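Below: one structure, written as structure tokens.
The values are calculated or read from the model by the stated rules, or taken from the named source; none is laboratory data. All figures in this text were calculated on a predicted structure; none of them were measured in a lab. Glycine gets a Cβ as well: all are built from the backbone with ideal geometry, and neighbour counts include every protein chain shown.
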Amino acid sequence: MKGLNAKGMNAQSDGNRAETLYPALPAAIEKAAETLLHTCCAQELRIATAESCTGGLLASLLTDVEGASHAFERGFVVYSKESKCELLGVARARIDACGAVSREVAIAMATGAINQSHADIALAVTGYAGSAPPGQEAGLVHFACASKGGAVEHREAHFGNIGRGPVRIGTLGIALEMMMDAVHAVARP
């Protein structure tokens, strides 16, 4: 099957690779997404995403793997403060007090994604993929992964001022790793 590559030119898909994003993403990211989805299918688990700085890139990757995308329940692209509040129930007071790029908001996003979906696991990401406002750290990304009825795990990454693309790709790698860890933690017998 043919798709468009990063330059908008037709490219031949390579088996089960993430067709839409191929060849822009490293093979290890694509393989991690495939493994996550196939593991979710085998365990009958569904996943959701709540994305800010990645703008839906993770959801796109997870729906691009043929034959396993039914494990992806839904994605929330919540780039603005208002969307975080309206779609995920994040309290505006929390955003105002902690900042949209914070541990607290990432956790609230993941919890909101679990509560507003039928997913077993939800991953949230918020950060500065490009330049950051004055006094903030470029490349700072907060992750939170929530399991239905379980704990919420938080992680933060400090990618530095390496550019939007590299930060977003690095973010995908960490997000997929956290979701896989959560899948193993909640695996059904």
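For the list (1) surrounded by fewer than 15 Cβ atoms within 10 Å (Cβ to Cβ); (2) more than 27 Å from A42 (Cα to Cα), I need the number of the one condition that A185 fails.
(2) is the only condition that A185 fails.
Looking at (1) hydrophobic (A, V, I, L, M, F, W, C); (2) under 15 Å from the mean Cα position of the chain (by Cα); (3) loosely packed, with under 15 Cβ neighbours inside 10 Å, which is the only condition I121 fails?
(3)
Which fully enclosed strands (runs of 3 or more DSSP E) of region 93-189 have 3 or more residues being under 23 Å from I29 (Cα atoms) and not aliphatic (A, V, I, L, M)?
It comes to 140-147, 152-158.
Would it be correct to say that S60 is at pLDDT below 95, part of a helix (DSSP H, G or I), in contact with a Ser or Thr (Cβ under 9 Å, 6 or more places away or on another chain) and not acidic (D, E)?
yes
Let me confirm something: among G67, G89, which residue is within 15 Å of H38 (Cα to Cα) and either polar (S, T, N, Q) or out of contact with any Lys or Arg (no Cβ under 9 Å at 6 or more places or on another chain) (or both)?
Going through G67, G89 in turn, the sole match is G67.
Just name the residue that is farthest from V125 (Cα to Cα) out of those in region 73-110 that are touching a strand residue (DSSP E or B) at 6+ places or on another chain (Cβ under 7 Å), surrounded by fewer than 21 Cβ atoms within 10 Å (Cβ to Cβ) and not basic (K, R).
Per the stated criteria, the residue is E73.
Looking only at region 14-42, which residues are crowded, with 16+ Cβ neighbours inside 10 Å, modelled with pLDDT of 90 or more and over 16 Å from the mean Cα position of the chain (by Cα)?
T39
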